[in-house]
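Engineer: Structure in structure tokens, see below.
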Amino acid sequence: MTIQIELNPEVMERLAAEAEAEGIALEEYAERLLREAIATHAEPQGQRSVAELHAMLAGIAEGSEKLPKVPTSAFTRESFYEDRR
């Protein structure tokens, strides 16, 4: 399959310079970049298992023990909108 795209001169120059630095043809380098970009955007695999969900939440919470302890009473509607009077 062939795809044609218009690139501005700055992008074209950078792409050509990086291809040359890699020692490969411009077309080959551009194809590699597209393949890598697609690979980093993995398709959703459906629902997560409970273990996967817990692992994801643990990753999000990592380092949270260093956050200051704030009582829930500090979170009032007024405290969020105090500057909007």
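Engineer: Residue by residue through region 16-24, what is 3J(HN,Hα) from phi via Karplus (6.51 cos²θ - 1.76 cosθ + 1.60, θ = phi - 60°)? Round to whole Hz and write x for glycine and proline.
Structural biologist: Calculated HN-Hα couplings, in order: 5, 5, 5, 5, 5, 5, 7, x, 10 Hz.
Engineer: Starting with the fewest neighbours, write out His54, His41 ranked by other beta-carbon atoms found within 10 Å of each beta-carbon.
Structural biologist: Arranged by neighbour count, lowest to highest, His54, His41 become His41, His54.
Engineer: Still on this structure, I have one more. Of Glu78, Glu18, how do they rank once you tally other Cβ atoms within 10 Å and put the fewest first?
Structural biologist: Fewest-to-most ranking of Glu78, Glu18: Glu78, Glu18.
Engineer: Follow-up. Have a look at the chain and give its Rg and Dmax from the Cα atoms, expressed in angstrom.
Structural biologist: Expressed in Å, the Cα Rg and Dmax of the chain come to 24.1, 62.
Engineer: Per DSSP H run of at least 4 residues, take -39500 (n - 2.57); add these up for the chain, divide by its residues and hand me the 222 nm value, nearest 500 deg cm²/dmol.
Structural biologist: -16000 deg cm²/dmol
Taken together, the values in this text are just the output of simple stated rules run on the coordinates, not laboratory data. Fair warning: this is a prediction, and the values are worked out from it, not measured in the lab. Cβ: placed from backbone, ideal geometry, glycine included. Neighbour counts: every protein chain shown.
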